[in-house]
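Take this structure, written in structure tokens, and hold onto it; I'll ask about it next.
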Amino acid sequence: MSLNKIILVVAALCLTFAPPVQGASLVPKGKKVFFGVSDTGDPADFGGFSDAVNQHPALIQTFRSWGSDFPESIERWQTARARPVLHITTADPQDGHESISPRGIARGGGDEYLIRLNKLFWKKKMRAYVRPLGEPNRCLNVYAAYDCDGKLKDAAHRPRWYKRAFRRVYIVVHGGGKRRQINRRLRRAALPPLRSSLGGLPKAPVDLIWSPLPAGSPTAPHNRPKRFYPGSRWVDWAGTDFYSDNQDWKALTGLYNRFSGKPFAITEWSVSTGDDSQFVRRAMTWIKRRRRAKMLLYYQDFGSASSYRIQNWPASLGVLRRFLRSPRYLSYAPHFPKAPPPPPPPQGGLAPTG
């Protein structure tokens, strides 16, 4: 092998196993903001929402269960030409039982799945946001630490296990290093080594979003967001969910101010209990006045009759449309997912004409 070829091989390996870029690498530049909408499973709903608000959403948020593959979701992302936000829950989609506890994730019991995510986004060169175990301080979530009376569920769900689980997801899904480098990062995060014989992990083009509720449910002192913060080294974005039927503006602003070193995302928001143009106006103004607020994801639920569908509330829809006219809201994220090119026709055959 010539010297030039050796140099090229070494350079390629360095790129593949380079350490992940710390901090938010997928943040819109300047004063721009990414607006997005939830994925219902029907591509027509994305188009209908876009038409209603007169704006193509730059992002699409899909909700998936731990361990699941999602080829149909990827096709919808490509059809929508929208950058994905992948929320991951540990609730089973069939009966709702918990497939793995925060302690199980922290100890490496879910490494196979995390490695699959890392390789998927790296192989497809697909820029994406991963939002694992959102709303950890909401008692109804299976991975929550406390029940709705404020009592600890069990030892496997203590806040420290949630924080360690999030760190592990961050390190493995980001990847970017040989096995010993990944294990060194895990050790520094107080975590056991990778449960895999792989030689290393490629660097995936992802950012991770940490998103508790602003005040917690229940709103007990031990259920506040700060109790669940994994640490700045393991968080790319801070964010939260905010609905019109539970407006705690003081808690929202407090959460934004507390994590001042991170770009901020409203990972779910919606008009949820009737036409509320005042809520929409206040929410959009809140975003406008905060420099680090860079992502806004509308939750539209499922079914056209849902109270979350802003198309059903004319006054709220009108206010949102006016705010989205601003050039600060990008219609497309750079390098949005695109459908792969069609396969070439068989040799000696004719290309399809339809």
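So SER211 clears everything in (1) touching a Gly at 6+ places or on another chain (Cβ under 9 Å); (2) among the hydroxyl-bearing types (Ser, Thr, Tyr); (3) open to solvent by 60 Å² or more (accessible area, probe 1.4 Å) except one condition, right? Which one?
(3)
Here's a follow-up. Taking PHE49, is it farther than 24 Å from ALA305 by Cβ and of a type in the set (A, V, I, L, M, F, W, C)?
No: the conditions fail for PHE49.
Evaluate region 130-151: report whether one residue or more is part of a helix (DSSP H, G or I), closer than 27 Å to ASP241 by Cα and open to solvent by less than 10 Å² (accessible area, probe 1.4 Å).
no
I'd like to know if region 60-77 contains one or more residues that are in contact (Cβ under 8 Å) with a residue 60 or more places away in the chain, open to solvent by 30 Å² or more (accessible area, probe 1.4 Å) and part of a loop (DSSP other than H, G, I, E, B).
Scanning region 60-77 turns up no residue that is in contact (Cβ under 8 Å) with a residue 60 or more places away in the chain, open to solvent by 30 Å² or more (accessible area, probe 1.4 Å) and part of a loop (DSSP other than H, G, I, E, B).
Need the failing condition index for LEU194 against (1) crowded, with 20+ Cβ neighbours inside 10 Å; (2) of a type outside the set (Val, Ile, Thr); (3) within 21 Å of the chain's Cα centre (by Cα), just the number.
(3)
Which of the residues spanning region 283-308 are without any contact (Cβ under 8 Å) to a residue 40 or more places away in the chain and closer than 14 Å to ASP245 by Cα?
SER307, TYR308
Test of understanding: among GLY109, GLY104, which residue is open to solvent by 10 Å² or more (accessible area, probe 1.4 Å), closer than 17 Å to VAL169 by Cα, in a loop (DSSP other than H, G, I, E, B) and touching a residue at least 12 places away in the same chain (Cβ under 8 Å)?
The conditions single out GLY109.
Looking at region 270-284, can you tell me whether even one residue there is of a type in the set (Gly, Ala, Ser), farther than 19 Å from GLY48 by Cβ and surrounded by 20 or more Cβ atoms within 10 Å (Cβ to Cβ)?
yes
Limited to region 160-191, what total is found for residues that are within 13 Å of ILE105 (Cα to Cα) and open to solvent by less than 30 Å² (accessible area, probe 1.4 Å)?
12
Just checking, does region 313-330 include any residue being of a type in the set (S, T, N, Q), part of a loop (DSSP other than H, G, I, E, B) and open to solvent by 30 Å² or more (accessible area, probe 1.4 Å)?
Yes: region 313-330 contains one or more residues that are of a type in the set (S, T, N, Q), part of a loop (DSSP other than H, G, I, E, B) and open to solvent by 30 Å² or more (accessible area, probe 1.4 Å).
The values are calculated or read from the model by the stated rules, or taken from the named source; none is laboratory data. Bear in mind that the values here come from a model prediction, so they are computed numbers and not experimental data. Don't worry about glycine lacking a Cβ; one is built from the backbone with ideal geometry, like all the others, and counts go over all protein chains shown. Quick note on the areas: whole protein, heavy atoms, side chains included, nothing else; ligands and nucleic acids left out. Shrake-Rupley method; radii C 1.70, N 1.55, O 1.52, S 1.80 Å.
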